[in-house]
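Read through the structure below, which is laid out as C-alpha cells, and then see the notes.
The values are calculated or read from the model by the stated rules, or taken from the named source; none is laboratory data. Keep in mind it's a predicted model, so treat the numbers as computed, not measured. Quick reminder, even Gly has a Cβ in these numbers, built from the backbone with ideal geometry, and neighbours come from all protein chains shown. SASA here: full protein model, heavy atoms, side chains in, ligands and nucleic acids out. Shrake-Rupley method; radii C 1.70, N 1.55, O 1.52, S 1.80 Å.
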Amino acid sequence: ACLVCLLYAMELLKGKPLAVNLVLAASTKEETGFQGGIATAFRVKPDFGIAVDVTHARTGDAPNVICKLGDGADITLGSNSNPRFARRMIEVARAKKIPHFVSATPSASGTNAWPMQMQGQGVTTLVVSLPLKYMQSPVAMLRMCDVKSGGKLIAAFIETFDGRL
C-alpha cells in the first residue's frame, strides 16, 4: 500500500518541474533490522527523506487510537520527524485541504526514517503513515482513499519543497 501511495504521488508529479532531485526507493526487511533502508540511505545519501509506512487505525478494541480509516494519512511528530520538516508538510496539507492526521511518536517510529537518519549521516526525515486496521495479521485492512490522500499529500509537498527548511 505504501508503494502504491508513492507511485500515485509520482504520477501526480509527472511532468512538473521540481526544485529538488527526487529519488523514490522501495526497500525490504524493515521489520527485521532495516537492512533495505540502511542500504538505500548508504547508497543514495539523501539530504531529506520521507519514510512512508503504516500506522495503527482505530478499532473497537483500540478506541483511543487517533487515526481512523478513511480520514487521510498521518504526519508523525517525534524523534524520527524533523519538526520544521513536519510543520511544512502540515502547512501544505492544510493549505491544499488534504485530509490528514497529526500524531506523536516520542520514541523511535519503527520506520525507515531511523536508518535514513543514522546511515544517511544525519538526513532530515519525516514519517507519513497510512492508517491500517489489524496490522501484521492475515486480515489487515486499509482504505484506498487513504492511500490516494497520502499520495496527494506527498506530491503536493514535494511540488512546493525547495530543499530548504
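The single residue among Val52, Val44 that is in contact (Cβ under 8 Å) with a residue 12 or more places away in the chain and open to solvent by 40 Å² or more (accessible area, probe 1.4 Å) turns out to be Val44. Residues that are farther than 20 Å from Ala25 by Cα, charged (D, E, K, R) and surrounded by 15 or more Cβ atoms within 10 Å (Cβ to Cβ) do occur in the range 134-156, at least one of them.
Scanning the range 115-126 for residues that are open to solvent by less than 60 Å² (accessible area, probe 1.4 Å) and not in a loop (DSSP other than H, G, I, E, B), we see that the one that is nearest to Val54 (Cα to Cα) is Leu126. Screening Ser129 with (1) under 14 Å from the mean Cα position of the chain (by Cα); (2) surrounded by fewer than 14 Cβ atoms within 10 Å (Cβ to Cβ) gives one miss only, at (2).
Which one is farthest from Ala9 (Cα to Cα), of the residues in the range 24-41 that are open to solvent by less than 80 Å² (accessible area, probe 1.4 Å) and hydroxyl-bearing (Ser, Thr, Tyr)? Talk me through it step by step, then tell me what you get.
Step one: filter the range 24-41 for residues open to solvent by less than 80 Å² (accessible area, probe 1.4 Å), giving 24-27, 30, 33-34, 36-41.
Subsequent filtering for residues that are hydroxyl-bearing (Ser, Thr, Tyr) retains 27, 40.
Numbers: Ser27: 17, Thr40: 20 Å.
Within the range 24-41, the match that is farthest from Ala9 (Cα to Cα) is Thr40.
To keep it simple, each residue is scored yes or no on (1) touching a strand residue (DSSP E or B) at 6+ places or on another chain (Cβ under 8 Å); (2) surrounded by fewer than 19 Cβ atoms within 10 Å (Cβ to Cβ); (3) free of Cβ contacts under 8 Å to residues at least 24 places away in the same chain.
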position	(1), (2), (3)
Ala62	yes, yes, yes
Asn80	yes, no, no
Ile98	no, no, no
Thr105	yes, no, no
Ala113	yes, no, no
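Residues in the range 68-110 that are touching a His at 6+ places or on another chain (Cβ under 7 Å) and modelled with pLDDT under 95: there are none.
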